[in-house]
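S.K.: Please find one structure pasted underneath; my questions will follow.
Just so it is clear, none of the values below were taken in a lab; they were calculated from the coordinates. Since we're looking at a predicted model, the values are computed, not measured. Backbone-built Cβ (ideal geometry, glycine too); neighbour counts: all protein chains shown.
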Amino acid sequence: MTTTATRPGGGKARAAISARTLRTDRWWLAPLVTFIGLGAWVTYATVRVFMHKWFWVEQFHYLTPFYSPCLTDRCGDAALFGTPLPNFFLIPEAAFSLPFLLLFRLTCYYYRKAYYRSFWLSPPACAVPDGHKTYSGETRFPLIFQNAHRYAFYAAVIISVINTWDAALAQSTGLGLGNVILWVNVIMLWAYTLSCHSCRHIAGGRLKHFSKHPVRYRFWTFVSKLNTRHMQLAWITLGTLALTDFYIMGLAAGWYSDLRIIN
Ligand code: FES
């Protein structure tokens, strides 16, 4: 039995329910799995980025995406754009691209939902109260900066082009399992990037008549289909990025050899 509280002005407010939530299902499972998954990935990526080794396989021109573009003296032949960065242990080899990739993922509409729920409990699930007393949404500092997502999208496109170039260069040495892994990762990265909500708006936003813009309409239709899979692509790309990096790390460290299909 519940009663209805009355607002100071006399209007009806929320029902005065003493229970924290009336949900009886395992609503906490999704945020918990997300917390563990994202936490594990961020830990792995941080360790790898500051490891400063096992990122390049000279023989097959395999470069891990975590170190691309490679910009310090440690890069050797992997440095396609020179080596303007100093060899300092706090500076990642890909210090120009990683902040933009981080910004792109942090401000992504899907990841926002994921970490608001699983890390900030704001709220942890539908019909479950917020973990915090106050809520200002994304209208003020610092979350107002989530609006930078549309600009991070352009940077992510440029970095995807560089990743594609890395895969193409590796192709010049023949064909091995490493090439397959690099290409799968690049294709998934493009799918994730193009499925972005900002991309969808760029493709079809602000148009009054689709019939007058058939090319944009076709692209918008394509992006809209990808967009329905944005959450899955967000997780798949975390997987392909980690797998690509781990495979190249193992090759560079000499733990195993590349499975060659064409030499
Ligand atoms: Fe997720 Fe743009 S909304 S990458």
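S.K.: Kindly indicate the residue of the range 94-136 that is away from the ligand (no atom under 16 Å from the Cβ), farther than 30 Å from Phe81 by Cα and within 17 Å of the chain's Cα centre (by Cα) and also surrounded by the fewest Cβ atoms within 10 Å (Cβ to Cβ) among those meeting that condition.
M.R.: Phe119
S.K.: Please state which one of Thr173, Thr139 is over 22 Å from the mean Cα position of the chain (by Cα), surrounded by fewer than 13 Cβ atoms within 10 Å (Cβ to Cβ) and away from the ligand (no atom under 15 Å from the Cβ).
M.R.: Thr139
S.K.: OK, next. Among all residue pairs at least 6 apart or on different chains, which show Cβ distances below 8 Å where the first residue, located in the range 137-159, is within 15 Å of Tyr109 (Cα to Cα) and the second is polar (S, T, N, Q) and more than 13 Å from the ligand (Cβ to nearest atom)?
M.R.: Final answer for the pair search is Leu143/Ser136.
S.K.: If you don't mind, there's one more thing I want to ask. If I filter the range 188-227 down to residues being closer than 25 Å to Gly39 by Cα and not in a helix (DSSP H, G or I), which single residue comes out as farthest from the ligand (Cβ to nearest atom)?
M.R.: Filtering the range 188-227 for residues that are closer than 25 Å to Gly39 by Cα and not in a helix (DSSP H, G or I), the one farthest from the ligand (Cβ to nearest atom) comes out as Ser195.
S.K.: Let me ask something additional. Quick one: Phe246 ticks every box in (1) out of contact with any Cys (no Cβ under 7 Å at 6 or more places or on another chain); (2) surrounded by 14 or more Cβ atoms within 10 Å (Cβ to Cβ); (3) in contact (Cβ under 8 Å) with a residue 12 or more places away in the chain; (4) not aliphatic (A, V, I, L, M) except a single one, so which number is it?
M.R.: Result: Phe246 fails condition (3) only.
S.K.: Within the range 207-228, is even one residue buried (at least 18 other Cβ atoms within 10 Å of the Cβ), under 13 Å from the mean Cα position of the chain (by Cα) and among the β-branched types (Val, Ile, Thr)?
M.R.: no
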